[in-house]
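Notes to accompany the following structure.
The values are calculated or read from the model by the stated rules, or taken from the named source; none is laboratory data. Note that the structure is a prediction, hence the values are computed from the model and not measured. Neighbour counts run over all protein chains shown; Cβ positions are idealised from the backbone, glycine included. Side chains included, ligands, DNA and RNA excluded: accessible areas come from the protein's heavy atoms. Shrake-Rupley method; radii C 1.70, N 1.55, O 1.52, S 1.80 Å.
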Amino acid sequence: MPKGTRKAFSKTILALALLSPFTFAALPQTAYQSTPENLKARQEFQDAKFGMFIHWGVYSVLGDGEWVFHNRKLKVQEYDRLPKFFDPEQFDAKAWVSLAKAAGMKYITITSRHHDGFAMFDSKVSDWNIVQRTPYGKDPLKMLADEAHRQGIKLFFYYSQLDWHNPDYYPRGKTITDNGPWDNGRPDHGDWNSYLDNYMDGQLRELLTNYGPIGGIWFDGMWDKPDADWHLAKTYALIHQLQPAALIIPNHHETPKPGEDVQTFERDLPGKNTAGFNTNYVSDQLPLETSNTLNGSWGFDIGDSKYKSPEEVEELLVRAAGNNANLLLNIGPMPNGEIQDEFATRLHSVGKWLSRYGDAIYGTRGGPLPPADWGVTTQKGDNVYVHVLNWNAPLLALPPISKTIGAARLLLDSSKVEVTQNSYGVVLKVPAAAKGEVDRVVVLTLAKDR
Ligand code: H79
């Protein structure tokens, strides 16, 4: 390289070096462009509508939920005894996947590790994992992934960013410092950057490498340290690089950030905040999801009998669909690997119901009418499905629909439904609900623009 050129070259390098911190700081905000396979996966996710959430870990042994470590203010040295009792000899990946399918669920999201940091998979990053610490000694996520692939259902991994076990999760977050500090036996120092870059990203790399194509990663726990630098751009880039179609679904209760693919809401419909920690902001770009529990708990809770009835689950699912969201419905399997009958029977009922009503749910999008107390609408192609959930009079008046209604029929038996349409809106004559009938679905077939 001639001297002059070399000088100019080094000047350019110098200028770039000076610029780069700013350039790179700004990049993650704007740089994420979904790949075509990611966009396709988002569509498929929206079509799926109904997923099975599974909370299962060494905490299941105590039958007191997945927060037992925190609730009982245990020390890590005490909690460390727990894996020795985890031996799920009844675990049967085929039975779990078959149950999800029988329930009409189209994906499964399972805890790869919860806030106790215990990896329910074969991790080389640390020995705090099921293969090395339990008598079971096997990797159930591998068995589930293989079975999910065999049965053609997508598997997502829940991953807790919050960690009550690793000393490098330091400085500690709200769950340790608030409401009376919890001395859980870890030293008062740790390497935050190493926790993120080596431990967490290391495990995510394993999850995205060793289990075939996965649906995505469902993050939880960032709310424990809302002001920390979570190196999100780096972690998200790693995930999208390893599996571009894998969706990033963060349960941080905030406005979506660059690199995220789905907005999820815990125990609330999008935009509602009955739980007290959800945001009212609803993305009009990203697929939406709401998670809820089949009884009152996430992890196995031996004393929880607050089971939702199949009808309540069906209404949750319909209202989610009408709000353009999926329902991710949780069960907490027992420590022996069995799914209790109270869950299985309810899921079978919902599946049976879906075999008759699924057309009005799967593959639809919310609308065209806004969700209301009487019910919701969903749409697919030329069809609008009017889901009458809570209406006891013979005539139902709806706001205007922009296209002419060509025909109206009941989904269940295709019988004709009387309908009138004018500039004020649409009036339907809906038959009375049969006993136990949750959702009367009227299918409107749309013709041309009005
Ligand atoms: O995995 C399940 C739960 O264990 C986990 N998310 C579901 C899917 C969960 N952790 N916490 N919560 C649910 C409730 C959230 C409580 C919060 Fe707060 C209120 C988070 C922020 C405000 C309490 C106070 C915890 C941190 C500060």
Neighbours by Cβ (under 7 Å, 6+ apart or cross-chain): first from the stretch 242-262, closer than 22 Å to Gly202 by Cβ and within 12 Å of the ligand (Cβ to nearest atom); second not in a loop (DSSP other than H, G, I, E, B) and not hydrophobic (A, V, I, L, M, F, W, C): Ile249/Gly216; Ile249/Thr264; Ile249/Glu289; Asn251/Asp220; Asn251/Thr264; Asn251/Glu266
Arg42 open to solvent by 10 Å² or more (accessible area, probe 1.4 Å), within 16 Å of the chain's Cα centre (by Cα) and away from the ligand (no atom under 15 Å from the Cβ): yes
Matching strands (runs of 3 or more DSSP E) fully within the stretch 343-450 where at least 1 residues are touching a helix residue (DSSP H, G or I) at 6+ places or on another chain (Cβ under 6 Å): 375-380, 383-388, 440-449
Failed criterion for Asp301 (all others in (1) more than 16 Å from the ligand (Cβ to nearest atom); (2) at negative phi; (3) open to solvent by 30 Å² or more (accessible area, probe 1.4 Å) hold): (1)
Of the criteria (1) at pLDDT 95 or above; (2) over 20 Å from the mean Cα position of the chain (by Cα); (3) within 13 Å of the ligand (Cβ to nearest atom), which one Asp178 fails: (1)
Counted residues, the stretch 177-197 - those being in contact (Cβ under 8 Å) with a residue 40 or more places away in the chain and not charged (D, E, K, R): 3
Elements of type helices (runs of 4 or more DSSP H) in the stretch 48-143, at least 2 residues being in contact (Cβ under 8 Å) with a residue 60 or more places away in the chain and within 13 Å of the ligand (Cβ to nearest atom): 68-71
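Matching residues to (1) open to solvent by 10 Å² or more (accessible area, probe 1.4 Å); (2) over 16 Å from Trp56 (Cβ atoms); (3) among the hydroxyl-bearing types (Ser, Thr, Tyr):
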site	(1), (2), (3)
Ala103	no, yes, no
Ser112	no, no, yes
His115	no, no, no
Ile130	no, no, no
Thr134	yes, no, yes
Leu162	no, yes, no
Asn179	yes, yes, no
